[in-house]
Amino acid sequence: MSPSDLALRDPVVPEATIARQPDYLHAKQTLSSWFFTTDHKRIGILYLVSITFFFILGAIAAGLIRLSLLVPNGSIFSNDFYDKMFTLHGVIMVWFFLIPSIPNTFGNFLIPLMIGAKDVAFPRLNLMSWYLYMVAALFTLICVVLGGVDTGWTFYTPYSTFYSNSWVLPALIGVVLIGFSSIMTAVNFVVTVHTMRAPGMTWFRMPLFIWSLYATSLIILLATPVLTITLVLLIASRAFGFAVFDPANGGDPVLYQHMFWFYSHPAVYIMVLPGMGVMSELVTAFASKRVFGYRFIAYSSMAIAALSFFVWGHHMFYNGMSESASLTFSILSFTIAVPSAVKVYNWTATIHKGEVRLDTPLLYAMGWIGLFVVGGLTGLFLASLAIDGHVHDTYFVVAHFHYIMVGATVEAFLGALHFWWPKMTGRLYSEAWGRVSAFLTFIGFNVTFFPQFILGYLGMPRRYNTYDPQFQVLNVVSSAGATILAAAYIFPMIYLIYSLFYGERAGPNPWDARGLEWTTTSPPPPHNFETPPIVDFDPYDYPSRAPEGG
Amino acid sequence: MAEHAATVGVEVEEQFFSAEQQRHVATLGMWVFLATELLLFSGMFLVALVLRVLHPASVTAVALHLKFWIGATNAAVLIVSSFTMSLAIEASKAGLRRAMLRFLVATAALGVLFLCLKAYEYYRDWAEHMMPFLPGRPYVLDGDPASRLFTNLYFIITGLHGLHLTVGICLVLGMAFFGRRAGFLSRHQNRVEVLGLYWHFIDLIWLIVFPTLYLLNR
Amino acid sequence: MIGIPPALRARARTPLLVMVACLLLLSTNILLGALDPHGLIWIVEVVITVTMIVIILLFSMEILEQPGITRLFGGLGFFWVAILFSLTLVDYLNR
């Protein structure tokens, strides 16, 4: 057969070269184009990589804690090593994963895309925030790994000021630095949402993800400086014997707790609110339905942001605070359940009678609802003075806040990662593996943490390496659950990275979702949109379903 | 000789649609940042208040040892510096570059005067044994352990304010340095206004620090 | 006014008034502090201090000339300081 015949039989069609501007990942490929980028999408990716790295470290520490608690007598690790591991777990997870997780990765990537802007308001500040994050995180990491810190993530006085012999001082400096990084990002987001919206993008046309990130940024702005100054006072105490939090010299450790929780309670909502924003996007896209009660969800985000500052005292009911203050904080703490419940009901109502596709992101979202409801309701137990007297400083509290933080933040983080992965990378991942991981996360999480509610109710105190032998069975169950959870975290890392190279190419809108970010190409071009968008549609304008039987 | 007014405006960066938007962004950004600064300082004011509630006698004893007149003079110095800063902003709005430079330098000079007075005050504190954090050096109110708390707080508050002022002076001098070039006002006029906000805020904080530490506890 | 170019004189009026007002209020405060005539005089001193803060916010920082959202952030900071102080004092004043 002659070559020309062959060509006739199998014609080789040259690939069509379309004159299209390269996307943000391929615009420039040098290392310096990543490390000196001011493109919000690339900064989002930088954050995604670094935050995932710190999440793995924190998770390894958690694994070691669960390993140690397999036996009641603490014979696996020394008490000192155990203390250092749970401090490492707390510090890394709270400040270097949970707080920046969704805002700094998906917020950076999506806010300008969702509001139709070319970039955030202060692109250079945005890059600086990442550098500060890295400096603070690596510095803190070196401190907690080389020297070890044994105070727990709360740095409670007077132990942290005068008694601990570990590397508290440098760790405090690291946490102060990370605070500046959060503030920079939050200033950026607030100003961006206020001033950079595309023509026609009114406040009530914004996706609910933007509303919740806006509320989150407000909390960061108003709470973080108080943490900064509290830790500065703590640094002064440790370095110069300032003693303001030391009862032996006339100081007051409760004052430290007031100031610490003025930040750290709202910080819980810094972790949860972005997850709530993700929920609104996932639920509408996979129920293919308008969100139920848009304004209620938007306002409840703002209400949570405001109310979160009125409830910090419920961490201090049994710490020597006056009774009238306890009563005030207890009552105020109940109020914040209202906006949280409003959101959950609205999402459930959105899924109800929608054209539901049970894809990976929605599975994560449904897991989110399940875990958040348990975490939220047990929060009401803890807000009641009498029940808190029984279960405070037990594993009941540990289980409660893990249902909120891991349940609500990590589930949402993974859901968001799966939902926007095609937009960020231009590739589709394996749906089957995605569903398996979503199920495993939910099951593994409940097996790990539900026994801890029972343990706490039975009276097992938190923070110790040893416990009464009668608690061993439930502790072993909990540790076994942690291994399932570990698998659920490892799977996505493998198949997502695999999809980068071998995944199917995603079109601009693989989920058939609404929102400006789905109108541009995947991955988006460097300036986000080929032509500046003009918004003349409502958010979540999914087609109303045809009448049944019609 | 009267200076000719230069054109005034801002150069639009690529992420913005218009100069007006860019101005709004810069000013709003500074206000948002100042809100965080306010909460930073108020954490320390809260500690001062709580100390006053817990140990009123010790706090008064310390306040009577503070150098009331230096603190008061410094408040006046900062009020005048705010005035020169306002004039620098007005000059920049009017396109009078050289007048703006003069007022910026005057503002920085007043800031330096504040720091010099502050340094002298610290020296007097040292001489009068009012530095309880120095190991080995006797402390004048040694019989009153709770007084150490307020004395130390005084150094932390004034130190942090001094740090902010030092940053402010550097920024003002930097602005004066870059403002020498002709055409500065046509490209970056709003930077002077934004810097001015920060400067007024430092002044405002001192006007709270002065009563909190020196005045109300006497 | 010495050193102020003629073109600026009209614009310098408000800053000048602000400075004079603040200096007068400050001297009143200093006088009250130095003489300390009455145990409750601190109330007057606090009122004077608040007046100075308001003057600076209104006239030096020109908060009223800003768009609504900027004004909101000016106020927000002070409101949150109020939350911090009031709820903490609920504890300390009831011990």
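The values are calculated or read from the model by the stated rules, or taken from the named source; none is laboratory data. Bear in mind that the values here come from a model prediction, so they are computed numbers and not experimental data. A quick note on method: Cβ atoms are made from the backbone with ideal geometry, for glycine too, and the neighbour counts reach across all protein chains shown.
The table that follows gives values for the structure above.
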| quantity | calculated |
| --- | --- |
| Residues that are of a type outside the set (A, V, I, L, M) and either outside any helix (DSSP H, G or I) or in contact (Cβ under 8 Å) with a residue 24 or more places away in the chain (or both), drawn from the range C:1-48 | C:Gly3, C:Pro5, C:Arg11, C:Thr14, C:Pro15, C:Cys22, C:Asp36, C:Pro37, C:His38, C:Gly39 |
| Flag if A:Thr192 is among the polar types (S, T, N, Q), in contact (Cβ under 8 Å) with a residue 12 or more places away in the chain and facing another protein chain (nearest Cβ under 8 Å) | no |
| Every residue from the range C:59-71 that is farther than 12 Å from B:Thr27 by Cα and either within 7 Å of another protein chain (Cβ to nearest Cβ) or surrounded by fewer than 15 Cβ atoms within 10 Å (Cβ to Cβ) (or both) | C:Ser60, C:Leu64, C:Gly68 |
| Failed condition for A:Gly148, given (1) modelled with pLDDT under 90; (2) surrounded by fewer than 23 Cβ atoms within 10 Å (Cβ to Cβ); (3) on the phi < 0 side of the Ramachandran plot | (3) |
| Residue match in the range A:112-119 (condition: under 22 Å from the mean Cα position of the chain (by Cα) and either outside any helix (DSSP H, G or I) or without any contact (Cβ under 8 Å) to a residue 60 or more places away in the chain (or both)) | no |
| Any hit, the range A:115-125, residues being crowded, with 18+ Cβ neighbours inside 10 Å, in contact with a Leu (Cβ under 8 Å, 6 or more places away or on another chain), among the small types (Gly, Ala, Ser) and within 14 Å of another protein chain (Cβ to nearest Cβ) | yes |
| Elements of type helices (runs of 4 or more DSSP H) contained in the range B:1-112, each with 2 or more residues being touching a residue at least 60 places away in the same chain (Cβ under 8 Å) and either within 7 Å of chain C (Cβ to nearest Cβ) or in contact with a strand residue (DSSP E or B) (Cβ under 7 Å, 6 or more places away or on another chain) (or both) | B:19-54, B:68-93 |
| Members of the range A:46-86 found to be more than 21 Å from A:Thr151 (Cβ to Cβ) and of a type in the set (S, T, N, Q), listed by number | A:Ser50, A:Thr52, A:Asn73, A:Ser75 |
| Residue in the range B:152-162 that is among the polar types (S, T, N, Q), out of contact with any strand residue (DSSP E or B) (no Cβ under 9 Å at 6 or more places or on another chain) and facing another protein chain (nearest Cβ under 9 Å) present | yes |
| A:Val176, sole failed condition from (1) within 12 Å of another protein chain (Cβ to nearest Cβ); (2) assigned to a helix (DSSP H, G or I); (3) of a type outside the set (D, E, K, R); (4) crowded, with 24+ Cβ neighbours inside 10 Å | (4) |
| Looking only at the range A:507-532, and only at residues there that are under 13 Å from A:Trp420 (Cα atoms) and at pLDDT below 90, the one that is surrounded by the most Cβ atoms within 10 Å (Cβ to Cβ) | A:Ser522 |
| When residues of the range A:448-470 are limited to those that are among the aliphatic types (A, V, I, L, M) and out of contact with any Ser or Thr (no Cβ under 7 Å at 6 or more places or on another chain), the one nearest to A:Asn79 (Cα to Cα) | A:Leu455 |
| Qualifying residues in the range C:3-23 (those that are surrounded by 17 or more Cβ atoms within 10 Å (Cβ to Cβ) and more than 13 Å from B:Ala99 (Cβ to Cβ)) - the one farthest from the other protein chains (Cβ to nearest Cβ) | C:Val18 |
| Total residues in the range A:120-148, condition in contact with a Gly (Cβ under 8 Å, 6 or more places away or on another chain) and in a loop (DSSP other than H, G, I, E, B) | 2 |
| Residue check for A:Phe189: buried (at least 24 other Cβ atoms within 10 Å of the Cβ) and aromatic (Phe, Trp, Tyr) | yes |
| Tabulated pairs, the range B:125-149, first more than 9 Å from chain A (Cβ to nearest Cβ) and without any contact (Cβ under 8 Å) to a residue 24 or more places away in the chain, second among the β-branched types (Val, Ile, Thr) and assigned to a loop (DSSP other than H, G, I, E, B), C-beta under 6 angstrom, 6+ apart or interchain | B:His129/B:Val140 |
| Residue list for the range B:101-123, restricted to those being exposed (fewer than 14 other Cβ atoms within 10 Å of the Cβ) and over 15 Å from B:Asn74 (Cα atoms) | B:Tyr123 |
| So A:Leu255, is it more than 8 Å from chain B (Cβ to nearest Cβ) and either not hydroxyl-bearing (Ser, Thr, Tyr) or not in a helix (DSSP H, G or I) (or both) | no |
| Conditions (1) touching a Lys or Arg at 6+ places or on another chain (Cβ under 7 Å); (2) in a loop (DSSP other than H, G, I, E, B); (3) among the small types (Gly, Ala, Ser): number failed by A:Ala482 | (2) |
| Exclusive hit being out of contact with any His (no Cβ under 6 Å at 6 or more places or on another chain), facing chain B (nearest Cβ under 7 Å) and either of a type in the set (Ser, Thr, Tyr) or in contact (Cβ under 8 Å) with a residue 40 or more places away in the chain (or both), set A:Ala239, A:Ala243, A:Ala248 | A:Ala243 |
| The range B:172-196, residues that are within 10 Å of another protein chain (Cβ to nearest Cβ) and crowded, with 23+ Cβ neighbours inside 10 Å | B:Gly196 |
| Checklist (1) farther than 19 Å from A:Phe209 by Cβ; (2) part of a helix (DSSP H, G or I) applied to A:Ile304, failing item | (1) |
